[in-house]
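Worksheet: the structure to be examined is printed underneath.
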Amino acid sequence: MSQSVLSLFSIFIVFLVVLNSFHGVYGDLISHVCKEASTYPDFATYDFCVASLLAHPAKLYSDAIDKVQKAVANFKVQAYEGAILDMTDAKTDVYTCEDGFTEGHHKLVSLLTKQAGYFRGLGHISLVIITDMVI
């Protein structure tokens, strides 16, 4: 790896750490950094850069996975109300993540939009099954 790529990568990592702490404050900084970064030869596009730096909503996907696991655990012990709440929260987390890409002036499409749609559909099916167990 060349020295310039390594230093660009180091700057990128530091920037990600700062961004995770102060996302709302640095919205314009994201735009500025991505405009600059996209001028480098062999660098990805501006949209890819912004999507990558805004990717912290992906944490919400891991939160959703945790909530699905809780829903399954609740379902197994017949705590259906808890399972419904956890599954509903999981679906909400995925919506929140997707909304993070369309808010503000960036108006990007998440790279996981298709998978989020599948997740929401499967979540809805799960809610129907759990609800039927309560009735």
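Residues are listed down the side, and each one gets a yes or a no for (1) modelled with pLDDT of 90 or more; (2) touching an Asp or Glu at 6+ places or on another chain (Cβ under 9 Å); (3) surrounded by fewer than 19 Cβ atoms within 10 Å (Cβ to Cβ); (4) not assigned by TED's automatic domain parsing to the domain that holds residue 130:
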| site | (1), (2), (3), (4) |
| --- | --- |
| 42 | no, no, yes, yes |
| 47 | no, no, yes, yes |
| 64 | no, yes, no, no |
| 77 | yes, no, yes, no |
| 85 | yes, no, yes, no |
| 88 | yes, no, yes, no |
| 92 | no, no, yes, no |
| 95 | no, no, yes, no |
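Confirm whether residue 107 is out of contact with any Cys (no Cβ under 9 Å at 6 or more places or on another chain) and modelled with pLDDT of 85 or more. It is false that residue 107 is out of contact with any Cys (no Cβ under 9 Å at 6 or more places or on another chain) and modelled with pLDDT of 85 or more. List every residue pair whose Cβ atoms lie under 6 Å apart, where the two residues are 6 or more positions apart in sequence or sit on different chains, the first residue falls within region 37-59 and is under 25 Å from residue 91 (Cα atoms), and the second residue, located anywhere, is modelled with pLDDT of 75 or more. Matching pairs, first to second residue: 50/34.
The values are calculated or read from the model by the stated rules, or taken from the named source; none is laboratory data. What you are looking at is a predicted structure, and each value in this text was computed from that prediction instead of being measured. All Cβ positions, even for glycine, are placed from backbone atoms using ideal geometry, and neighbour counts span all protein chains on display.
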